[in-house]
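K.L.:
Following this message is one structure expressed as structure tokens.
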């Protein structure tokens, strides 16, 4: 460390750094609770939180009661049907500590505070305390740090481990402490367990430095490096052991088991139904764009902070070229710019975060930043601090040579510092404002979408829609199950619904539906509804319908469809209300109160079936809209079961099946759907053992 200024002692610097770390942690907690109360657009958050809850319960695997109805996003199904997360458990374990202390988001605050404190310590080791404190301040006001630290993703936790590794390594080099060397090994091993490639990229400059220190084969140096390597292998062994436990092969990571072509390298890359050819040319183009966004918008003060960091790096290189006296620890920090930037070219995730490569403010990067490059924030902050302090020292020397009076020099220096601070503060605020505004708009859409769920009392079972495929917590991250699937409220997909109901006897049933397109990034707010669901059983079940017929409708045609057949009907005339009744029993279904077409009045019903009643209100020339009701049924011998139908009003055929739910308060004049589900004989039942919900309309 270089000599400190006379007017601030080490203790004062430590107190200021502690205050900055604590204040930064509290600020991140505020951002997490206010800006991301329902989590972010990156649905990986739900994966880590589900995994954290599992760890708190001592579980590595989920064992859902009905496999098809409970599959969280990015979970892998093992051969025995158990589910495990595609991610390593280290970040989730860190989040779980926060829950133990009072809430998951406390972990975010603690991780942020730790990163700030370790940045101060690391830069102090490589430079001095002034630069260390200033670097921590630069890190705190970096938009990528504030946004990414406030969400449950692995980048800030992994950086915490990487910084702990670097700090302990530098301290071991300076003091010769084998204990510090062991801490360095454990930290880098933990980082490898958390995110192997990220840890390798961060460790590469340190490894180069370690090899350089061994050139003389000094006993102390060999002992320290061997200790670090040995303890680092503990983390590697833990990762391989976890692989063996989950995937059955120590060399196959869970993310590979989930999507074998989702790893490093060029060529055909693929995850789920999405694939693309990742060529070196595309990689360079995408990573150039990512780095431009990082240094233009996501570091402290955007281009101003980048310019300061460039000045800091330039001064280091100039000194190295001049007399080769640069501190090798500073070269290690500078080396991160090379290892992280170059290494990420080999990873196709950097093109995916951009969305449309040619469109600005598209993809996850517009809301959450270039998070695969999160580790570059620390060297950027370090060299920006170095540039500021170096520039300040040159300015002070210039003032001392040209202004003789000490008091006048101080006044001029203060004025210049104030102007520089203002010049920095304005772009810093501008850089932070854009992602905050974009994420706030998304949160507003989430707040509206989740509003009806808040009224569900304990003991509820909610069937969820699947706008992005048959996954839970994608997108509904806030609606997660406890690891034992027996929380205050249970959430399930609309798969094997009767098996789900049977697995949770006595619960009140609901169905979450919405009208509109689920596109939070476009500022579109869906109209949500929580629909109570009745569950009835008997020899026969009857669904009495009352469908509005608006003025101008010339005819209403109805199709009844099961898995095994379909029948067509028309109404008698065009009354203001069509009143067909669906009757299901004896393995068949039919509609009463309407006229069958071609004499085919019934359809066969499978043991498990989703009957569909589609009524098309025709204004003439095929112009009109459809009522669509989906009725889950189960036939068990001479007993028939049914659930309250899922109801849609469809003006566009493509919206039917998920985005056209009937919302009574939002329906146009004359558009009405009312229904009553009941059993029709003495053995029928609709008691609380089946459900406790009344029939809805």
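K.L.:
Among the numbered criteria (1) at pLDDT below 95; (2) touching a helix residue (DSSP H, G or I) at 6+ places or on another chain (Cβ under 9 Å); (3) within 30 Å of residue 601 (Cα to Cα), which one does residue 497 miss?
P.N.:
Looking at each condition in turn, residue 497 falls short on (1).
K.L.:
Does the range 272-296 hold any residues that are surrounded by 18 or more Cβ atoms within 10 Å (Cβ to Cβ) and either under 21 Å from the mean Cα position of the chain (by Cα) or free of Cβ contacts under 8 Å to residues at least 40 places away in the same chain (or both), and which are they?
P.N.:
The answer is 290, 293, 294.
K.L.:
Look through the range 214-232, keep the residues that are under 20 Å from residue 164 (Cβ atoms) and touching a helix residue (DSSP H, G or I) at 6+ places or on another chain (Cβ under 7 Å), and return whichever of them is surrounded by the most Cβ atoms within 10 Å (Cβ to Cβ). Reasoning before the result, please.
P.N.:
Step one: list which residues in the range 214-232 are under 20 Å from residue 164 (Cβ atoms), which gives 224-232.
Within this subset, residues satisfying the condition of being touching a helix residue (DSSP H, G or I) at 6+ places or on another chain (Cβ under 7 Å) are 224-225, 227-232.
Details: 224: 26, 225: 22, 227: 20, 228: 28, 229: 16, 230: 13, 231: 18, 232: 23.
Looking at the filtered set, the residue picked out is 228.
K.L.:
Same structure, new question: Kindly indicate which of 455, 469, 460 is crowded, with 20+ Cβ neighbours inside 10 Å and under 19 Å from residue 513 (Cα atoms).
P.N.:
460 is the lone residue from the list that is crowded, with 20+ Cβ neighbours inside 10 Å and under 19 Å from residue 513 (Cα atoms).
K.L.:
Among the residues that make up the range 45-58, is at least one of them exposed (fewer than 14 other Cβ atoms within 10 Å of the Cβ) and modelled with pLDDT of 95 or more? Spell out the reasoning first.
P.N.:
Initial filter on the range 45-58 (exposed (fewer than 14 other Cβ atoms within 10 Å of the Cβ)): 57-58.
Within this subset, residues satisfying the condition of being modelled with pLDDT of 95 or more are 57-58.
Checked against the condition, which is being exposed (fewer than 14 other Cβ atoms within 10 Å of the Cβ) and modelled with pLDDT of 95 or more, the range 45-58 yields at least one hit.
K.L.:
Okay, next question. How many of the residues making up the range 472-497 are surrounded by fewer than 19 Cβ atoms within 10 Å (Cβ to Cβ) and assigned to a helix (DSSP H, G or I)?
P.N.:
0
K.L.:
Just to confirm my filter: which helices (runs of 4 or more DSSP H) fall fully inside the range 239-323 and include at least 2 residues that are more than 23 Å from residue 385 (Cβ to Cβ)?
P.N.:
Details: elements: 254-258, 280-293, 303-323.
The qualifying helices (runs of 4 or more DSSP H) are 254-258, 280-293.
K.L.:
Only one of (1) free of Cβ contacts under 8 Å to residues at least 60 places away in the same chain; (2) touching a helix residue (DSSP H, G or I) at 6+ places or on another chain (Cβ under 6 Å) is not met by residue 15, so which one is it?
P.N.:
All conditions pass for residue 15, except number (2).
K.L.:
Return only the number of the condition from (1) closer than 22 Å to residue 540 by Cβ; (2) surrounded by 14 or more Cβ atoms within 10 Å (Cβ to Cβ) that residue 616 does not satisfy.
P.N.:
Condition not satisfied by residue 616: (1).
Yes/no matrix, rows are residues, columns are (1) surrounded by fewer than 16 Cβ atoms within 10 Å (Cβ to Cβ); (2) more than 21 Å from residue 305 (Cα to Cα); (3) under 35 Å from the mean Cα position of the chain (by Cα); (4) modelled with pLDDT under 85:
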| residue | (1), (2), (3), (4) |
| --- | --- |
| 385 | no, no, yes, no |
| 394 | yes, no, no, yes |
| 400 | yes, yes, no, yes |
| 425 | yes, no, yes, yes |
| 446 | no, yes, yes, no |
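K.L.:
Whether any residue in the range 351-358 is surrounded by 17 or more Cβ atoms within 10 Å (Cβ to Cβ) and closer than 30 Å to residue 425 by Cα is what I want to check.
P.N.:
At the first step, the residues of the range 351-358 found to be surrounded by 17 or more Cβ atoms within 10 Å (Cβ to Cβ) are 351-354.
Then keep just the ones that are closer than 30 Å to residue 425 by Cα; that gives 353-354.
Yes: the range 351-358 contains one or more residues that are surrounded by 17 or more Cβ atoms within 10 Å (Cβ to Cβ) and closer than 30 Å to residue 425 by Cα.
K.L.:
Among the residues of the range 569-609, what is the count of those that are closer than 14 Å to residue 559 by Cβ, part of a loop (DSSP other than H, G, I, E, B) and at pLDDT below 95?
P.N.:
Within the range 569-609, the subset closer than 14 Å to residue 559 by Cβ is 569-571, 578, 580, 582, 589-591, 594-598, 600-603.
Okay, now just the ones that are also part of a loop (DSSP other than H, G, I, E, B), so 571, 580, 594, 597-598, 600-601.
Filter again for at pLDDT below 95, leaving 571, 594, 597-598, 600-601.
Summing the residues that are closer than 14 Å to residue 559 by Cβ, part of a loop (DSSP other than H, G, I, E, B) and at pLDDT below 95 in the range 569-609 gives 6.
K.L.:
Something else: Inspect all residues belonging to the range 316-327 and state whether any of them is over 26 Å from the mean Cα position of the chain (by Cα), more than 30 Å from residue 259 (Cβ to Cβ) and crowded, with 19+ Cβ neighbours inside 10 Å. Show your work before the answer.
P.N.:
Just the residues of the range 316-327 that are over 26 Å from the mean Cα position of the chain (by Cα), to begin with: 316-327.
Filter once more, keeping what is more than 30 Å from residue 259 (Cβ to Cβ): 316-327.
Restricting the remaining residues to those that are crowded, with 19+ Cβ neighbours inside 10 Å gives 316.
Looking for residues that are over 26 Å from the mean Cα position of the chain (by Cα), more than 30 Å from residue 259 (Cβ to Cβ) and crowded, with 19+ Cβ neighbours inside 10 Å, one finds at least one in the range 316-327, hence yes.
K.L.:
Quick check: is even one residue across the range 7-16 outside any loop (DSSP other than H, G, I, E, B), at pLDDT 95 or above and within 14 Å of the chain's Cα centre (by Cα)?
P.N.:
No, there is no match, as no residue in the range 7-16 is outside any loop (DSSP other than H, G, I, E, B), at pLDDT 95 or above and within 14 Å of the chain's Cα centre (by Cα).
K.L.:
Would you be able to tell me the number of residues in the range 330-351 that are more than 23 Å from residue 119 (Cβ to Cβ) and touching a residue at least 60 places away in the same chain (Cβ under 8 Å)? Let's see the steps before the verdict.
P.N.:
Applying the first criterion (more than 23 Å from residue 119 (Cβ to Cβ)) to the range 330-351 yields 345-351.
Now restrict to residues that are touching a residue at least 60 places away in the same chain (Cβ under 8 Å): 345-348, 350-351.
Here the count works out to 6.
Residues checked against (1) in contact with a helix residue (DSSP H, G or I) (Cβ under 6 Å, 6 or more places away or on another chain); (2) modelled with pLDDT of 75 or more; (3) surrounded by 21 or more Cβ atoms within 10 Å (Cβ to Cβ):
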residue	(1), (2), (3)
621	no, yes, no
648	no, yes, yes
651	no, yes, no
654	no, no, no
660	no, yes, yes
667	no, yes, no
672	no, yes, no
681	no, yes, no
690	no, no, no
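K.L.:
A follow-up question, please. Can you tell me which residues in the range 55-112 are touching a residue at least 24 places away in the same chain (Cβ under 8 Å), assigned to a helix (DSSP H, G or I) and farther than 27 Å from residue 374 by Cβ?
P.N.:
68, 69
K.L.:
Still on this structure: For residue 547, only one of the following conditions fails: (1) under 14 Å from residue 675 (Cβ atoms); (2) assigned to a loop (DSSP other than H, G, I, E, B). What is its number?
P.N.:
(2)
K.L.:
Run residue 354 past the list (1) part of a helix (DSSP H, G or I); (2) touching a residue at least 40 places away in the same chain (Cβ under 8 Å); (3) closer than 30 Å to residue 199 by Cβ and report the number of the one that doesn't hold.
P.N.:
(1)
The values are calculated or read from the model by the stated rules, or taken from the named source; none is laboratory data. Computed from a predicted model, the values in this text were never measured in an experiment. For neighbour counting, all protein chains shown are included, and Cβ atoms are generated from backbone atoms with ideal geometry for every residue, glycine included.
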